[in-house]
1. State all residues of region 32-65 that are more than 19 Å from Arg148 (Cβ to Cβ) and among the aliphatic types (A, V, I, L, M); if no residue qualifies, say none.
2. Please determine whether any residue of region 41-53 is within 25 Å of Phe170 (Cβ to Cβ), touching a Pro at 6+ places or on another chain (Cβ under 7 Å) and surrounded by 15 or more Cβ atoms within 10 Å (Cβ to Cβ).
3. Within region 155-170, track down each residue that is buried (at least 18 other Cβ atoms within 10 Å of the Cβ) and either modelled with pLDDT under 95 or within 16 Å of ligand 3 (Cβ to nearest atom) (or both).
4. When you look at Pro105, is it within 16 Å of ligand 1 (Cβ to nearest atom), touching a residue at least 24 places away in the same chain (Cβ under 8 Å) and surrounded by fewer than 20 Cβ atoms within 10 Å (Cβ to Cβ), yes or no?
5. Within region 152-163, can you find the residues that are more than 9 Å from the chain's Cα centre (by Cα) and assigned to a strand (DSSP E or B)?
6. Quick check, is Asn95 surrounded by fewer than 16 Cβ atoms within 10 Å (Cβ to Cβ) and within 16 Å of ligand 3 (Cβ to nearest atom)?
Amino acid sequence: MTTTYSKRASLFGAAAAAAAVIGMTGGLGTAAAAPSQSPGTVLTIVDQNVTGAGFNRVIVRGVYPMENPDAVGYLNNLTAGCGGMHYVVWGDDPNEQYLFDRNYPGVHDDIDGFIRATDRDLEFLQQFVVPASVLDEDKDGTDEVFVRARFVDGDCGGRVHNTNVVTGTF
Ligand SMILES: [Ca+2]
Ligand SMILES: [Ca+2]
Ligand SMILES: [Ca+2]
């Protein structure tokens with residue numbers, strides 16, 4: 001089990017590095033589709049019809065592959081003024097457009113989400129509820145939504161992971 005995990009972790013790391021390079025190149029070009037999904041970074045959008053019509057729950061989870069001591073070190077050095085997680089919701093197709101964002105400074109771990117050092121990664125999970133109108137980025141068609149999960153360390157350095165694109169009619 002441990003062997004499998006560490007193999008997966010290095011594969012994820014290599015793929016993530018490749019994705020970052022692709023993302024940087026894409027930014028120089030003309031309007032592009034959403035950036036490639038970072039391995040293991042997943043967006044789920046759940047309709048809240050039962051508890052609140054017209055709202056959607058946005059759930060983002062993923063990992064920044066790294067050795068456990070590094071992850072622990074990052075968390076120990078987070079400062080309230082700089083470090084934390086920042087989630088930015090984007091619309092896609094044809095152009096990227098900002099829709100919404102939420103900032104979670106410092107280390108947190110509560111019912112709605114966390115940033116924590118696990119035995120293999122720096123792992124994050126976050127959920128928040130938004131009016132469905134926030135995700136209705138194409139008024140005349142199917143909406144394409146993705147999230148950039150940005151981890152900011154204590155030195156204000158950022159690491160960005162992109163989720164998959166979720167399509168729907170919000
Ligand atoms: Ca769109
Ligand atoms: Ca729409
Ligand atoms: Ca569309």
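1. Initial filter on region 32-65 (more than 19 Å from Arg148 (Cβ to Cβ)): 46-55.
Across region 32-65, the qualifying residues are Val46, Val50, Ala53.
2. Restricting attention to region 41-53, the residues satisfying the condition of being within 25 Å of Phe170 (Cβ to Cβ) are 41-53.
If we keep only those that are touching a Pro at 6+ places or on another chain (Cβ under 7 Å) too, we end up with none.
Taking every residue of region 41-53 in turn, none turns out to be within 25 Å of Phe170 (Cβ to Cβ), touching a Pro at 6+ places or on another chain (Cβ under 7 Å) and surrounded by 15 or more Cβ atoms within 10 Å (Cβ to Cβ).
3. Val165, Val166, Phe170
4. On the way: within 16 Å of ligand 1 (Cβ to nearest atom): no; touching a residue at least 24 places away in the same chain (Cβ under 8 Å): yes; surrounded by fewer than 20 Cβ atoms within 10 Å (Cβ to Cβ): yes.
Taking the combined requirement at face value, the residue does not satisfy it.
5. Correct list: Val152, Gly158, Arg159.
6. Numbers: surrounded by fewer than 16 Cβ atoms within 10 Å (Cβ to Cβ): yes; within 16 Å of ligand 3 (Cβ to nearest atom): yes.
So Asn95 fits the description; yes.
Matching residues to (1) away from ligand 1 (no atom under 16 Å from the Cβ); (2) of a type in the set (S, T, N, Q):
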residue: Val60; (1), (2): yes, no
residue: Pro94; (1), (2): no, no
residue: Tyr98; (1), (2): no, no
residue: Phe128; (1), (2): yes, no
residue: Arg150; (1), (2): yes, no
residue: Thr163; (1), (2): no, yes
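Per-residue answers, yes or no, for (1) within 26 Å of Gly54 (Cβ to Cβ); (2) more than 16 Å from ligand 2 (Cβ to nearest atom); (3) not hydroxyl-bearing (Ser, Thr, Tyr):
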| position | (1), (2), (3) |
| --- | --- |
| Leu78 | no, yes, yes |
| Gly83 | no, yes, yes |
| Asp93 | yes, no, yes |
| Tyr98 | yes, yes, no |
| Asn103 | yes, yes, yes |
| His108 | no, yes, yes |
| Ala117 | no, yes, yes |
| Phe124 | no, yes, yes |
| Val130 | yes, no, yes |
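The values are calculated or read from the model by the stated rules, or taken from the named source; none is laboratory data. What you are looking at is a predicted structure, and each value in this text was computed from that prediction instead of being measured. Counting neighbours? That spans all protein chains shown, and the Cβs are built from the backbone with ideal geometry, glycine included.
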